[in-house]
Structure formats: structure tokens, C-alpha cells
Amino acid sequence: MNINVKSVITSGLLAGLVISISAITMVPVVGNEMDLVLASRGLPPLSILAMVYFSMISFINGIFLVLLYALLKVQLGSGIKTAVIIALFFWFLTYFLSNVSLVVYGFMPVKLTVIGTLWGLGELLVGSIVGSRLYKERKYYGTKQNESNHLF
């Protein structure tokens, strides 16, 4: 298995940018509902630092989506189908389970959680597809591959 680390990072950062922009566009959809939920629990609205943190998480998620694509495309094949499978798996483990836990615990209302969870599915699907389309395998020139250059 040969992973192009540079392409994983660059493609992943672009996928993360898609995810981050999507998250920003959700703000007008939910309005000030999140601030109301936080205030009802005695918490302040999200700070600039928190927003920067969540933006960074979007970029990290993009990199992990592309890394998973690079790792699994040999087994699942290249293309959109693999990107979608990876996005669904990643969404289930990262967004769905944690968001359901917040509802079960009573911290988040169902309506706001459903909107955020489904929005997250959309942004991960688009981010994964964009990242998978941009990811390029390492090219070798000549007849032999240099084993010392392999990541895996």
C-alpha cells in the first residue's frame, strides 16, 4: 500500500474547507437556537475561540476522510461509492453517536440535534467526495519503486 501523504494533506484540507464552510452556512438555518439552549443551561454563547476550534476540527475531519479513502480504496475501489461509504462510516462514529448521546443525556433538544446531525451527514458526504476526487496516488518514474519511500 502506498499513500501519497502530501496529497492526503492537501486534499484533506480542501475537504475540510468544504466542511467548515458548510458548518458556517448552518448558522442562519438554526438562528439563535443554540445560544438559547446554552443560555438555558447557564452557559455563554459560543466564543470566537470555540468557533476557531470547531473550524480546526472540520479541517482535521477532512484530512481523516481522505486518509481513510487512501487506505480503503484498494479494498473498496476508487470513486464516489467508496467516498460515500467512508463518509457514512465516519459520520456514524463521530457525529451520530455523540449527538444521540447529547439528546439521551438531555443536554440538546431533538429538533436542533436532528438538524445538526443531518447537516453533518451532508457536509461529510460532500467533503469526502471532494477529497476523494482530489486525492492522487504517488507517481513512480522508472521500473522499480523505492521501498523506503512507502508510508505503509
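Laboratory data are not the source of any read-out in this text; all were calculated from the coordinates shown. Given the structure is predicted, the values throughout are model-derived calculations rather than measurements. Here Cβ is always computed from backbone atoms with ideal geometry, including for glycine, and neighbour counts include all displayed protein chains.
A P(r) calculated from all alpha carbon pairs of the range 21-101, with 5 Å bins opening at zero, reads 3, 12, 15, 20, 19, 12, 8, 5, 4, 1 percent.
Applied to the range 98-112, the Karplus parametrisation 6.51 cos²θ - 1.76 cosθ + 1.60 on θ = phi - 60° returns per-residue 3J(HN,Hα) values of 5, 5, 4, 4, 5, 6, 4, 5, x, 7, 10, x, 4, 4, 5 Hz, with x for Gly and Pro. So for the chain, what percent of the C-alpha to C-alpha distances run longer than 23 Å? Beyond 23 Å sits 43 percent of the P(r) for the chain. Residues whose amide H comes within less than 5 Å of that of residue 108, counting only those at least five positions distant or on another chain, are 103 (H built at 1.01 Å from N in the peptide plane).
From most to least packed by mean Cβ count within 10 Å, the peptides 121-133, 50-62 give 121-133, 50-62.
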